[in-house]
Amino acid sequence: MRIGIDVGGTHTDAVILDGHEVVASTKFLTSANVRDGVLGALDVILAESCAAHDAIEAVMIGTTQFTNAVIERRELAPTAIIRIALPSGKMIPPMTDWPEDIADAIGRHCYMIHGGLTYDGFPIGELDELELDSVIDDIAGKGIELVAISGVFSPSNPEQELAVAERLRQKIPNVGLTLSHQIGGMGLLERENAAILNTGLRPLAANVVQAFRDALAAREIRCPFYISQNDGTLMSAEFAAEFPALTFASGPTNSLRGASLLTQLQDAVVVDIGGTTSDIGVLQGGFPRQSNVAIKVGGVRTNFRMPDIQAIGLGGGSLVSADGGTIGPQSVGYRLVTEGCVFGGDTLTTTDIAVAAGAADIGSPEKIADLSGSVIETAMRRMHEIIDDGIDQMKSSRDPVPVILVGGGAVLVSRNLNNASQLLRPEHAGVANAIGAANAQVGREIERIVSYREHPRDSVLAELKAMLTEELIAAGALQSSIKIADIEETAIAYMADESTRLRVKMIGDLDFAGTQS
C-alpha cells in the first residue's frame, strides 16, 4: 500500500492506494505550519481505511510550498552567487533581469571570477586561486552561508564548479551549495537563476521536509518517503531538501498524471479546477507535455523542464458579478466555506451558480433561492466559455479532443464543450493530484552538446543511458523497469563538427523491496 499527499495552498489532499485501487481519500484544509494539515489528512485516511501502519511501503508527497515562497517573496535566505565566466561573461552580471523585490529578498551578492568552458568542455580560462580566495573571504565576512555557483557550459564539464565548491567547503565548513550543472540545462543565465532560487530556498526546504518527516513519525509510519518533481517523477526527501526548486509546478503535474491513471488515457487535455484557478495541461504518452519556452517563476527566468500549463482565473471560489456576465479572476479561495452564499455568506461565487443551476449539491441551496434565472444562465454560459477557450488554446489541432475534468471545482462544468470530443469525470477526480503523486516513478535526465562526427550516436546514447541507469538504481528504481522516456535532439547549425544538443530522460518504477530493506 502507498500513501499519496498533495499539499496545496488551500487543501491538503491525501489517498491510500492498494495497488491502483483507492482505499481512502480526503481533502483537508492546509495549515500554516504544514505539519498539522498533513497530520489531519493522515488521520482521516488511516481511520477510513483501517490500514496497518506497517503495510505502508512508501509515502509520496507533492507540495506548492516552494513555488509559493518565490511568488510571495517570503522565507528566501540571503544567497551569494559566484559566476565562473570572466572575461567573456562580464557584460550581463548575475540577476540582471530579476524583479527588484525578489532580488532584494535574496540579496545582491554577486561575484564574477575568471574561468569558463567552451561547449565541448575545453577550458576558456583557468581558475585564479587568489581571486577565488578573495571572493570567499568577502562572502564569509558578510556572514553568508548559502552560495550558488555557475559556470559557462558547466553541464558539459563541471570540474571548475566542483573546484570552487571544494574551496568554499574548506573555508566555510557549513556552507550550503547549489552547483548549476546539477539543476539546469545549457543556457547560462536561466541555469544560474535556477541555482540562485534553489539555494535561497534550502533553509525553508529543510524545515518543510522535516515537518513531513515529523508528521509521518508521529503516526508511526516508518517507510521511505519521496517528493514529487515538476516532470512527473519522484526524488528522495534528502534530495528534495537540497533541490527544492525541482518541485516548481509539481502540483499540476501530479494532477495530469493522476488523470491519466484514473482514465487510462495516454493522450488528452486535462482541466484541473481548484478554488482560485483552473490549470489546463496536455497529456502526451501519459506524461505532461513539456513547455519549450523559458519558464518564469515569480518573474525570474529559468530553464527547468516545466509542464506546459495554462492557468486561467476560474475556480470554485471565483467572484461572479451581479449580472453574471463577469467571472473572476478574483476569488475568495479558502474562504469559500464562510463567504459563499450557499454557506451563509454574502459573496456570489461560481459554486453558488453551480448549485443554483442544479449542477452541484453543496451547502444550503435555499440561501440562493431568489437568484435570477437569467443571472444563473448568463454565468453558466460564461463559465463554460472560459473553460472551452482555454482548451482551444492548449490543444494542438482544430479537432475536438478527449477532456478529463479533475479537481474539487470540476462540478462547475456540467455542459458539453465545443472543443471536447468526450468529457470524462473519473471517480476520485477531486484528489487526482494525490493519486498522481502516489503513482509517480523515479526519473533522471541528462543534457550534453555532442558531435556525432567524433562520437557515433549509438555510443553516445549508450554512455548516457548507462550513467542514468546507475543514478536511477541509486535513487531507488527497479532495474528491470528502467526505460528511456524521451530523447530530444537539436542540431546546432552555428557550431562546428555537426554539433547536436542532446537531452535524454529515463524513468523507472520504485523498487519497494529495495527501499524497505
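This table checks each residue for (1) in contact (Cβ under 8 Å) with a residue 24 or more places away in the chain; (2) basic (Lys, Arg); (3) open to solvent by less than 10 Å² (accessible area, probe 1.4 Å).
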residue: SER134; (1), (2), (3): no, no, no
residue: SER156; (1), (2), (3): yes, no, no
residue: GLU159; (1), (2), (3): no, no, no
residue: ALA163; (1), (2), (3): yes, no, no
residue: GLN170; (1), (2), (3): no, no, no
residue: SER180; (1), (2), (3): yes, no, yes
residue: ILE183; (1), (2), (3): yes, no, no
residue: GLY187; (1), (2), (3): yes, no, no
residue: ASN193; (1), (2), (3): yes, no, yes
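Each residue in the stretch 269-302 was checked for being surrounded by fewer than 21 Cβ atoms within 10 Å (Cβ to Cβ), among the polar types (S, T, N, Q) and in a loop (DSSP other than H, G, I, E, B), and 2 of them qualify.
Among the residues making up the stretch 297-332, those that are of a type in the set (A, V, I, L, M, F, W, C), out of contact with any Lys or Arg (no Cβ under 8 Å at 6 or more places or on another chain) and closer than 18 Å to GLY409 by Cα are ILE309, ALA311, ILE312, LEU314, LEU319, VAL320, VAL332.
Among VAL70, VAL59, VAL38, which is touching a Cys at 6+ places or on another chain (Cβ under 7 Å), at pLDDT 85 or above and within 23 Å of PRO244 (Cα to Cα)? Steps first, please.
Values: VAL70 fails: touching a Cys at 6+ places or on another chain (Cβ under 7 Å); VAL38 fails: touching a Cys at 6+ places or on another chain (Cβ under 7 Å).
Result: VAL59 is the single residue among VAL70, VAL59, VAL38 that is touching a Cys at 6+ places or on another chain (Cβ under 7 Å), at pLDDT 85 or above and within 23 Å of PRO244 (Cα to Cα).
Report yes if ALA103 is closer than 27 Å to GLY333 by Cβ, without any contact (Cβ under 8 Å) to a residue 40 or more places away in the chain, open to solvent by less than 10 Å² (accessible area, probe 1.4 Å) and not β-branched (Val, Ile, Thr), otherwise no. Quick ask: steps written out before the conclusion?
On the way: closer than 27 Å to GLY333 by Cβ: no; without any contact (Cβ under 8 Å) to a residue 40 or more places away in the chain: yes; open to solvent by less than 10 Å² (accessible area, probe 1.4 Å): yes; not β-branched (Val, Ile, Thr): yes.
Against the criterion (closer than 27 Å to GLY333 by Cβ, without any contact (Cβ under 8 Å) to a residue 40 or more places away in the chain, open to solvent by less than 10 Å² (accessible area, probe 1.4 Å) and not β-branched (Val, Ile, Thr)), ALA103 does not qualify.
Taking the numbered list (1) more than 30 Å from MET95 (Cβ to Cβ); (2) in a loop (DSSP other than H, G, I, E, B); (3) out of contact with any helix residue (DSSP H, G or I) (no Cβ under 7 Å at 6 or more places or on another chain) in turn, ARG305 passes all entries but (1). Here ASP323 passes the criteria (1) open to solvent by 40 Å² or more (accessible area, probe 1.4 Å); (2) at pLDDT 85 or above; (3) in a strand (DSSP E or B); (4) among the charged types (D, E, K, R) except the one numbered (3).
Could you list, in sequence order, the residues of the stretch 416-461 that are charged (D, E, K, R) and part of a helix (DSSP H, G or I)? Can you show your working first?
If we filter the stretch 416-461 for residues that are charged (D, E, K, R), which is where we start, we get 425, 427, 444-445, 447-448, 453-454, 457-458.
Hits for the stretch 416-461 are ARG457, ASP458.
The values are calculated or read from the model by the stated rules, or taken from the named source; none is laboratory data. Since the structure is predicted, the reported quantities are computational estimates derived from the model, not experimental observations. Virtual Cβ from ideal backbone geometry, glycine too; neighbours counted across all protein chains shown. SASA here: full protein model, heavy atoms, side chains in, ligands and nucleic acids out. Shrake-Rupley method; radii C 1.70, N 1.55, O 1.52, S 1.80 Å.
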